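Report on the following structure.
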Amino acid sequence: MTDPLSRDATATDIAHAVMSGKVKAAAVIDATLKRIEAAEPTINAFTDVIAFRARKRAAEIDRGLHRGPLLGVPFAVKNLFDIQGLPTRAGSRINADGPKAARDGALVRKLEAAGAILVGGLNMGEYAYDFTGENAHYGPSRNPHDTTRMTGGSSGGSGAAVAAGEVSLALGSDTNGSIRVPSSLCGLFGLKPTYGRLSRAGSFPFVDAFDHLGPLARSVADLAASFDAMQGWDPDDPVCTDRPADPTSMVLGEGISGLRIGVAGDYFARGGMPEAFEAVATVARALDAKNIVAIPQAAIARAAAYVITAIEGSQLHLPRLRARPQDFDPDTRERFMAGALLPGSWYVKAQRFRRHYRAEVQKLFREVDVILAPATPCTAPKLGQVMMTLDGVELPVRANLGLYTQPISFIGLPVVVAPLHKPGGLPIGVQIIANHYNEAAALRVARHLEKEGVASAPAA
Amino acid sequence: MADEKPDIGRLVDEAAKAIGLPIAEQYRANVIVNYERSMAIARPLLEVELDDELTSGPVFRP
């Protein structure tokens with residue numbers, strides 16, 4: 001087993017070591033805080049480190065006051081999660097002036113109830129309207145695999161902190177791809193669960209129709225363990241499902257037998273750099289997946305996701321756009337302002353199309369259990385890069401890193417990102433997409449790829 | 001008339017007035033750029049025809 005005090009230790013490595021008494025939780029926290037201190041001047045993943053609280057919690061664990069499957073596991077959360085006693089920044093300067101959270105967000109409470117220890121809040125794109133991980137107020141989070149490059153966003157600090165080995169587990173949010181894009185660019189496993197599966201209570205919203213929360217980690221077992229700990233109905237989130245929890249850790253070992261695996265063609269097989277399609281082909285070969293499936297009307301789905309995002313997000317921020325426009329990040333301000341002016345008829349049409357598209361895509365799941373697709377159209381762009389060329393067309397980086405993620409979150413399908421690392425190259429991820437509430441199928445495929453050495457998420 | 005290009009600058013100015021959103025001169029050009037970009041991205045949605053019977057639920061359930 002990996003040394004539980006090292007940067008390579010996974011959450012399950014740490015939990016096993018603490019539970020068996022091989023290491024004290026206090027020692028784990030000391031090692032984590034030292035790594036954070038050493039990495040942060042370069043990586044810039046954290047906006048808040050809560051060392052005192054983390055040490056106190058670790059001491060309680062060492063006195064036997066807490067139990068759980070994630071015992072002693074340090075984790076950090078995107079700073080749109082409420083952390084008691086801190087303002088919920090949501091990547092903004094405006095919220096930093098706001099009230100301090102009265103209690104932790106629901107998922108923070110659930111992870112701590114499972115024995116994990118919160119160590120801090122993480123950098124993110126302002127108000128989650130971002131695919132880059134850049135932020136004018138707090139500086140960009142930097143990709144640990146090449147610090148001149150983007151982490152992807154908007155959960156950029158979550159990707160950076162886990163890829164740098166500062167923590168083994170982080171939470172992010174995903175409205176249009178904000179867990180999946182940084183998982184791909186930082187070379188991590190990431191899980192965007194089914195819409196409504198995990199409570200969003202105690203997190204700052206962006207687009208209620210699409211907001212999801214979920215984990216990023218360096219092993220599939222860590223995704224499953226944290227996902228299992230966070231499931232369950234929550235009356236504080238009206239979207240949260242009242243279906244019974246569906247534990248996934250125990251099925252990871254079942255492998256891929258019995259799973260029908262398709263590869264997304266058409267929209268998902270064009271418009272990206274060769275490395276995006278090579279990654280999908282590598283995974284498809286490893287899984288012997290030859291069935292090409294066309295996700296119908298994906299380009300319209302992306303357009304509809306864009307419209308709903310622009311209008312809902314802008315409506316949310318309208319009071320702040322009126323009162324404090326100068327305090328917005330320049331990269332979000334004018335996009336929000338433009339979104340506030342779009343016609344309401346576009347929004348209603350997008351919502352009507354959403355219902356039609358959900359029904360059409362669900363038909364595909366009569367033939368397959370999971371669908372493979374690229375996670376991002378390219379590896380990590382350079383920090384500050386504004387334009388990129390995809391399929392011979394020059395396009396804005398900011399709007400197009402989520403080209404392949406938006407049509408999937410639009411209808412709330414669960415997705416696991418499996419990262420591929422090429423020697424000497426930058427990582428890139430593949431989306432493993434399952435039907436609603438079937439996170440287990442996507443996790444089983446990801447675990448098989450990890451076991452076979454096809455997908456991996458080493459600390460940089 | 002259908003092919004006539006809309007005056008997005010004017011649209012932005014008037015719509016902003018209508019909803020009470022002051023847009024300072026230094027932000028205006030980029031708001032117009034973003035509005036035009038939104039129009040381009042939304043085009044596939046705006047062009048698709050939907051059945052009258054297709055409604056959206058008030059609460060989305062996957």
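Some observations on this one:
- Of all residues making up region A:325-348, the number that are within 21 Å of residue B:18 (Cβ to Cβ) and either of a type in the set (D, E, K, R) or crowded, with 18+ Cβ neighbours inside 10 Å (or both): 13
- Output for region A:37-87, where each listed residue is in a strand (DSSP E or B) and without any contact (Cβ under 8 Å) to a residue 60 or more places away in the chain: A:87
- Scanning region B:20-32 for residues that are surrounded by 14 or more Cβ atoms within 10 Å (Cβ to Cβ) and either of a type in the set (A, V, I, L, M) or facing chain A (nearest Cβ under 7 Å) (or both) yields B:21, B:23, B:27, B:30, B:31, B:32.
- Remark: residue A:9 falls outside the filter, which requires a residue to be outside any loop (DSSP other than H, G, I, E, B) and of a type in the set (Gly, Ala, Ser).
- Of the candidates A:177, A:157, the single residue that is assigned to a helix (DSSP H, G or I) and buried (at least 24 other Cβ atoms within 10 Å of the Cβ) is A:157.
- For region A:321-338, filtered to residues that are at the interface with another protein chain (Cβ under 7 Å from one of its Cβ atoms) and under 24 Å from the mean Cα position of the chain (by Cα), the residue that is farthest from residue A:91 (Cα to Cα) is A:335.
- Within region A:218-245, restricting attention to residues that are aliphatic (A, V, I, L, M) and farther than 17 Å from residue A:112 by Cβ, the residue that is nearest to the chain's Cα centre (by Cα) is A:223.
- If only residues of region A:343-353 that are small (Gly, Ala, Ser) and either out of contact with any Phe, Trp or Tyr (no Cβ under 9 Å at 6 or more places or on another chain) or not in a helix (DSSP H, G or I) (or both) are counted, the one that is nearest to the other protein chains (Cβ to nearest Cβ) is A:345.
- Residues considered: A:257, A:345, A:314, A:249. Of these, the only one that is closer than 27 Å to residue A:381 by Cβ, of a type in the set (S, T, N, Q) and out of contact with any Cys (no Cβ under 7 Å at 6 or more places or on another chain) is A:314.
- Residues of region B:1-19 satisfying the condition of being buried (at least 16 other Cβ atoms within 10 Å of the Cβ) and not acidic (Asp, Glu): B:8, B:12, B:15, B:16
- Meets criteria (touching a helix residue (DSSP H, G or I) at 6+ places or on another chain (Cβ under 8 Å) and buried (at least 19 other Cβ atoms within 10 Å of the Cβ)) for residue A:35: no
- From the options A:209, A:201, residue that is in contact with a helix residue (DSSP H, G or I) (Cβ under 6 Å, 6 or more places away or on another chain) and over 24 Å from residue A:84 (Cα atoms): A:209
- Of all residues in region A:223-251 being of a type in the set (Ser, Thr, Tyr) and assigned to a loop (DSSP other than H, G, I, E, B), the one that is surrounded by the most Cβ atoms within 10 Å (Cβ to Cβ): A:248
Rule-based calculations on the coordinates, nothing more; no lab input. If you're wondering where the values come from, they're calculated on a predicted model, not measured in any experiment. Methodologically, a virtual Cβ is constructed for each residue, glycine included, from the backbone with ideal geometry; neighbour enumeration extends over all protein chains shown.
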